[in-house]
1. Could you tell me which residue of segment 13-31 is surrounded by the most Cβ atoms within 10 Å (Cβ to Cβ), considering only residues that are among the basic types (Lys, Arg) and not in a helix (DSSP H, G or I)?
2. Kindly list the number of the only condition in (1) exposed (fewer than 13 other Cβ atoms within 10 Å of the Cβ); (2) of a type outside the set (A, V, I, L, M, F, W, C); (3) over 19 Å from TYR204 (Cα atoms) that fails for SER266.
3. Return yes when ARG94 is open to solvent by 80 Å² or more (accessible area, probe 1.4 Å) and not in a loop (DSSP other than H, G, I, E, B) and no when it is not.
4. Is there a residue in segment 73-86 that is farther than 23 Å from GLY238 by Cα, at pLDDT below 90, surrounded by 13 or more Cβ atoms within 10 Å (Cβ to Cβ) and hydroxyl-bearing (Ser, Thr, Tyr)?
5. Considering each residue of segment 151-198, count those that are part of a loop (DSSP other than H, G, I, E, B), touching an Asp or Glu at 6+ places or on another chain (Cβ under 6 Å) and either open to solvent by less than 10 Å² (accessible area, probe 1.4 Å) or basic (Lys, Arg) (or both), and give that number.
6. Please state which one of ASP164, ASP142 is modelled with pLDDT under 95 and under 22 Å from ASP272 (Cα atoms).
7. For segment 104-150, what are the residues that are over 42 Å from the mean Cα position of the chain (by Cα) and surrounded by 20 or more Cβ atoms within 10 Å (Cβ to Cβ)?
Amino acid sequence: MKDTPLSNCERQFLLKAIEEKKRLDGRQTYDYRNIKITFGTDYGCCIVDIGKTRVLAQVSCDLVAPKDNRPTEGILFFNLELSPMASPAFESNRQSELLVKLNRLLERCLRNSKCIDTESLCVVSGEKVWQIRVDVHVLNHDGNIMDAASIAAIAALSHFRRPDVGIQGEEVTVYTPEERDPIPLSIYHMPICVSFSFFQQGTYLLVDPCEREERVMDGLLVIAMNKHREICSIQSSGGIMLLKEQVLRCSKIASVKVAEITELISKALENDKKVRKEGGKFGYVESMPKERITALKTEVAPVETTDIEMKAKDIVCRTEAPSENMPSPVVHAPGTGQLGEGLQDSWGLEELDELEDDLGEEEEEQGIREQPTEEGKNATKGKYKREVVVISDSEEEEVVILHKGTQVKDLKKQAAQSNQSATAASKKRKKKKQAF
């Protein structure tokens, strides 16, 4: 399954924000996301979170035969897996180009840098040595997998304890943790990868790119370094040309970040050792925050709003103060009213009653002053006949539609005349039937 591509609008928005030295999550150009290191119940199990990117590292060991060219050295084996659970772009049981590149980077960072004393892993020269296997699983992908994988791998190796071994003649005895305390690995230094992404052909630089920033970047530079400022490996990808000054600048930034991350790993190891010694609770379950309702939880990005506040104040100052007099409700039609904040609720019923009373008084005055003539009566009868619409000719019930200006007395006369005409018509029909 392929991942959803970025639209042109999203791409332009990201590039425009990078040009203005702004990022989606509110970070500065050289800032890392929040790094969280958690150790499991067993030794050698570690989970590292960099923002929303989550990586699990598990270390295991076995007694195997050594290599022919190095009979007194142990074996280090690294395996990184990209599962579809981390991202829909990853396919299971298939080695992608990204997977091969990450595996090579991890081996160059940890094995080729000689950070672990492999000679201490020898049990019997030329016969049996310890094989240390580091399995790295990407649980969630939100950018910068390499940094998270390197931190998880070196933290898991530092946390790992191998079983103690006893040799009697040709027999090799492996003791359980209950019989003898397990032995930690001898680690010389902690190499950690720091990723730099370049945009606009190397014009702009970002540290710890997220997943969306990785899609629009032109090139990537990964520097593996320890806290002693010793560069273990450098790899550039993307096909962009970097200047010497840019590489030196990135190395200086990497030295600062590596020192901070190494101190964070050391503190996490000390806290785990202290908790285990005191007999407290430890592991993944204890490290998770106890929250009952997390469905509607949202993370607020710490974006700088200084400019926005100044603009808002200017807009408020320019606007006119609201008037104290509240507008009266607008009655669009009889029987309707307007409801809203700061308005009085009115349905226009009082105004309708007043209008009816005024019309009734005017009609009574006109009736007293003027006496209608026969021609006026005939004209008014014809007018009312045109305005009245008879819907049904049933003898039981008459339904009519009233128009504006009709009077109740005239309607009663008209209804009586219609009833008489209807009864006369029915009598004529009966006489015709009897005649036939």
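The values are calculated or read from the model by the stated rules, or taken from the named source; none is laboratory data. It should be emphasised that the depicted structure is a prediction, and the values quoted were computed from it without experimental measurement. Every residue, glycine as well, gets a Cβ built from its backbone with ideal geometry; the counts of neighbours run over all protein chains shown. Side chains included, ligands, DNA and RNA excluded: accessible areas come from the protein's heavy atoms. Shrake-Rupley method; radii C 1.70, N 1.55, O 1.52, S 1.80 Å.
1. The initial filter retains those residues of segment 13-31 that are among the basic types (Lys, Arg), namely 16, 21-23, 27.
Applying the additional criterion that residues be not in a helix (DSSP H, G or I) yields 21-23, 27.
Working: LYS21: 10, LYS22: 14, ARG23: 21, ARG27: 19.
So the residue we want is ARG23.
2. (1)
3. So ARG94 does not fit the description; no.
4. Yes.
5. Number satisfying all stated conditions: 1.
6. Residue meeting the stated conditions: ASP164.
7. Selection gives THR118, LEU121, VAL129, TRP130.
Residue by residue, here is whether (1) charged (D, E, K, R); (2) within 18 Å of SER150 (Cβ to Cβ); (3) part of a strand (DSSP E or B) holds:
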{"position": "GLY202", "(1), (2), (3)": "no, no, no"}
{"position": "LEU206", "(1), (2), (3)": "no, no, yes"}
{"position": "ARG212", "(1), (2), (3)": "yes, no, no"}
{"position": "HIS228", "(1), (2), (3)": "no, yes, no"}
{"position": "CYS232", "(1), (2), (3)": "no, yes, yes"}
{"position": "GLY239", "(1), (2), (3)": "no, no, no"}
{"position": "CYS250", "(1), (2), (3)": "no, yes, no"}
{"position": "SER255", "(1), (2), (3)": "no, yes, no"}
{"position": "LEU264", "(1), (2), (3)": "no, yes, no"}
